[in-house]
Protein chains: 2
Amino acid sequence: MQILDESITKNTIKLWFLHLQDHICRDLEKADGGQIHFKVDPWERAEGGGGRTNIMQNGNIIEKGGVAFSAVWGHTPEKILAALKLENADFFATGISIVLHPHNPHVPIIHMNLRYFEMTNGVWWFGGGIDLTPHFVVDEDARFFHQKLKTACDLHDELYYPKFKNWADDYFFIKHRNETRGIGGIFFDQLNDRPKEDIFEFVKQVGQTFVPIYTHFMQKNSQKPFTDKEKKWQLVRRGRYVEFNLVYDKGTKFGLDTNGRTESILMSLPSEAHWEYQFPILENTPEYYTQSHLKKGIEWL
Amino acid sequence: MQILDESITKNTIKLWFLHLQDHICRDLEKADGGQIHFKVDPWERAEGGGGRTNIMQNGNIIEKGGVAFSAVWGHTPEKILAALKLENADFFATGISIVLHPHNPHVPIIHMNLRYFEMTNGVWWFGGGIDLTPHFVVDEDARFFHQKLKTACDLHDELYYPKFKNWADDYFFIKHRNETRGIGGIFFDQLNDRPKEDIFEFVKQVGQTFVPIYTHFMQKNSQKPFTDKEKKWQLVRRGRYVEFNLVYDKGTKFGLDTNGRTESILMSLPSEAHWEYQFPILENTPEYYTQSHLKKGIEWL
């Protein structure tokens, strides 16, 4: 399954992610109105490498958002070796991780992660994905989102979108609520089934869809008026987001478990969340429509 | 380690927990001002047994509180057998679980859990504890709390308090924050080192400390004025409470993992919580004092 390929170096990939972080932050700041900037927080990892966590808090549209880059290396932690059944060798991992929580409940929460992993014994792969968590599911928006992802996937392999769409449905699932986190998107892991160069091109393609997708929702929905009831529902949906991230998300659990940088890992949590015992949802409401569409296997296109 | 003892039946224990639930809810309602009542939510478990989850939302003093009773039985789930290295036999488990989140940041969050487990092959034990999570650590209050627990423990075994106090320090620990959840309390599990009757008496003693402890804090601190800054800090502390419960709490994880009743399990979560990237804490403030006392091994008495 491993294809050695020296044409793309880890440094090339790392620099591309770093560049993507800059580019995304600049475009998000602009779409947000330009007054509020990401706070750039560089950090180092004692065992090798480090990162740059960019955070926006209290923007005009984005209430709390993180765009994090990291490139770390060194001894592969025992837990990773065991979990992934890998032979012992040093590792290098680089990636970019984004979560944006908007003020307005009509603007969705978005998440993107792109990552590259390699070991000194030749093992390598890419992983990542984008998924959308609307507080209110709106078919038109869901179609827009999934169409953008499908278009990006189809440029590389027509089997990618259906496969990675199902993978996202399975991955972003809150088992104890029997509901998906949102309307899914695409998710892929340990991708190394073709030359590294080709997969890297695909990963770049996914990375480049992020700004057009999210700025579309910012422009379209951020000025929509909303009620207190809609705001409360947003905080309930954010509560579920917290539940997913702390209970199921592999990256989060793994990071916390292996002494990762907590503040960077938990940048994904919203500014505010709300829990209520048996939160009531009335039939024939947008909340009801949303709740009933938080399930696997919906074909949005 | 197992001592068979038929003098106390599972039904006696179950009824005592049920009675304790009634008594605690009545006393809390009274201390809260008497206008707001617990909503009583009975439920059944398809595989055997059920429970009664009592919830108060938007009381005068208690913003969100749950006092849950359950008694469940049947086939012991494989995961329990494996985790606890038990031989296969049917089980019976009953217990009471309480978490109270007050409006006023000067009133602490409190948690109590008391539980009894037995199997048809004669295995049995009690577990439980009480721990306090003040949003602001105040020495006098911490001493009051720990003294009440020590007094209850000492009536049964002078080794209990030091042992169970350390156990609580270890258990209520948020590893990824390198801080304890609060000022601890007592925690014990799989307690069966003496006749069942004696341990049951101890468990009852612990259960009876709950109301005097918490109503003391309700009366003492619920009318204290507080600032927006103090309220915000409360929401940050609650965020840590959410992190502990979803990432580490064994009961929560186990319940969610074994298809438990989600709404009852997650009644422990606060109404509102707040996360901020690198929340600033200034030196020589009550927040700083609190943060610096969220560590293991503090002898409050």
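Can you confirm whether A:P77 is surrounded by fewer than 24 Cβ atoms within 10 Å (Cβ to Cβ) and either within 21 Å of A:D189 (Cβ to Cβ) or touching a residue at least 60 places away in the same chain (Cβ under 8 Å) (or both)? Show your work before the answer.
Working: surrounded by fewer than 24 Cβ atoms within 10 Å (Cβ to Cβ): yes; either within 21 Å of A:D189 (Cβ to Cβ) or touching a residue at least 60 places away in the same chain (Cβ under 8 Å) (or both): yes.
Here the answer is yes, as A:P77 does meet what is asked.
Out of the residues in the range A:233-253 that are of a type outside the set (S, T, Y) and more than 10 Å from chain B (Cβ to nearest Cβ), state the one that is surrounded by the fewest Cβ atoms within 10 Å (Cβ to Cβ).
A:K250
Kindly evaluate A:I109 against the criterion of being within 14 Å of chain B (Cβ to nearest Cβ) and either at pLDDT below 95 or in contact with a helix residue (DSSP H, G or I) (Cβ under 7 Å, 6 or more places away or on another chain) (or both).
Details: within 14 Å of chain B (Cβ to nearest Cβ): yes; either at pLDDT below 95 or in contact with a helix residue (DSSP H, G or I) (Cβ under 7 Å, 6 or more places away or on another chain) (or both): yes.
So A:I109 fits the description; yes.
Can you tell me which residues in the range A:43-64 are surrounded by fewer than 22 Cβ atoms within 10 Å (Cβ to Cβ) and either in contact (Cβ under 8 Å) with a residue 24 or more places away in the chain or within 14 Å of another protein chain (Cβ to nearest Cβ) (or both)?
If the condition is that a residue be surrounded by fewer than 22 Cβ atoms within 10 Å (Cβ to Cβ) and either in contact (Cβ under 8 Å) with a residue 24 or more places away in the chain or within 14 Å of another protein chain (Cβ to nearest Cβ) (or both), then A:W43, A:R45, A:E47, A:G48, A:G49, A:R52, A:I55, A:Q57, A:N58, A:N60, A:E63 are the ones that fit.
Going by the structure shown, is B:V67 within 14 Å of another protein chain (Cβ to nearest Cβ), over 19 Å from A:W275 (Cβ atoms) and out of contact with any His (no Cβ under 7 Å at 6 or more places or on another chain)?
Considered against the rule, which asks whether it is within 14 Å of another protein chain (Cβ to nearest Cβ), over 19 Å from A:W275 (Cβ atoms) and out of contact with any His (no Cβ under 7 Å at 6 or more places or on another chain), B:V67 comes out as no.
Taking the range A:13-37 only, how many residues are closer than 24 Å to A:A93 by Cα and either in contact (Cβ under 8 Å) with a residue 24 or more places away in the chain or within 14 Å of chain B (Cβ to nearest Cβ) (or both)? Steps first, answer last, please.
Our first condition is that a residue be closer than 24 Å to A:A93 by Cα; within the range A:13-37, this holds for A:13-25.
The next check asks that each one be either in contact (Cβ under 8 Å) with a residue 24 or more places away in the chain or within 14 Å of chain B (Cβ to nearest Cβ) (or both); those that pass are A:13-14, A:16-18, A:20-21, A:23-25.
Residues that pass the stated criteria total 10.
Every residue, every condition in (1) of a type in the set (V, I, T); (2) in contact with a Gly (Cβ under 7 Å, 6 or more places away or on another chain); (3) closer than 26 Å to B:A68 by Cβ, yes or no:
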{"position": "B:L149", "(1), (2), (3)": "no, yes, yes"}
{"position": "B:D154", "(1), (2), (3)": "no, no, no"}
{"position": "B:L159", "(1), (2), (3)": "no, no, no"}
{"position": "B:F173", "(1), (2), (3)": "no, no, yes"}
{"position": "B:T180", "(1), (2), (3)": "yes, no, yes"}
{"position": "B:I186", "(1), (2), (3)": "yes, yes, yes"}
{"position": "B:Q190", "(1), (2), (3)": "no, yes, yes"}
{"position": "B:N221", "(1), (2), (3)": "no, no, yes"}
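So how many residues does the range B:148-187 have that are assigned to a helix (DSSP H, G or I) and β-branched (V, I, T)?
Counting residues in the range B:148-187 that are assigned to a helix (DSSP H, G or I) and β-branched (V, I, T) gives 1.
Give the residue that is farthest from the chain's Cα centre (by Cα), with candidates limited to residues of the range A:266-280 that are over 17 Å from A:N58 (Cα atoms) and more than 8 Å from chain B (Cβ to nearest Cβ).
Among residues in the range A:266-280 that are over 17 Å from A:N58 (Cα atoms) and more than 8 Å from chain B (Cβ to nearest Cβ), the one farthest from the chain's Cα centre (by Cα) is A:P280.
Looking at this structure, is A:L256 within 14 Å of another protein chain (Cβ to nearest Cβ), more than 24 Å from A:I62 (Cα to Cα) and buried (at least 20 other Cβ atoms within 10 Å of the Cβ)?
The answer is yes for A:L256.
The values are calculated or read from the model by the stated rules, or taken from the named source; none is laboratory data. Owing to the predicted nature of the structure, the values given are computational and were not obtained by experimental measurement. Virtual Cβ from ideal backbone geometry, glycine too; neighbours counted across all protein chains shown.
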